Amino acid sequence: MEDYLTFRKMLTPVAIQVIFWIGALACVVLGLVMIVTGASTHYGGGGQVLSGVLTLLLGPIMVRISCEVLIVVFRILDTLVEIRDKLQS
């Protein structure tokens, strides 16, 4: 607990994982809504259906990539802390 209070242990990597799952779920729901809305229109909803399919397929991948970039920063921090601790001992 002391590590969290003194900011030696980061809480953000766990939050980033939660954000990923929320973002992936939001992309899937938004994609499905766009597909259904586009398919149910009476006047040319093909573009909306295509956008929905792209959101459904590419949205979670883009969310994953952006979250991985943030996680890499924290992994670099952890590695630097380990190097510092080994150099001090």
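Read-outs: derived from the displayed coordinates by stated rules, not from any lab. Bear in mind the structure is a predicted one, so any value in this text is a computation, not a measurement. Here the Cβ positions follow ideal geometry from the backbone for every residue, glycine too, while neighbour counts run over all protein chains shown.
For the chain, the longest principal axis of the Cα atoms and the long axis of helix 12-40 meet at an angle of about 0 degrees. Looking at [x] 43, 12, 5; [y] 19, 19, 10; [z] 21, 17, 10, which value of semi-axes √(5λ) of the Cα gyration tensor in Å comes from a calculation on the structure shown? It is the one labelled [x]. Computed over neighbours whose Cβ is under 15 Å from that of Arg8, the net charge equals -3, Lys and Arg +1, Asp and Glu -1. Each label was represented as a point 7 Å from its Cα along the Cα-to-Cβ direction; for Ala26 and Met62 these points are 1.2 nm apart. Here the relative contact order of segment 2-88, from alpha carbon pairs under 8 Å that lie six or more residues apart, stands at 28 percent. When you filter the chymotrypsin sites (Phe, Trp or Tyr not before Pro) in segment 1-70 for DSSP loop state and at most 16 other Cβ atoms inside 10 Å of their Cβ, you are left with Phe7, Tyr43.
What FRET efficiency, computed as 1/(1 + (r/R0)^6) with R0 = 25 Å and r the Cβ-Cβ distance, is obtained for Leu50 and Leu70, rounded to the nearest 0.05?
0.25
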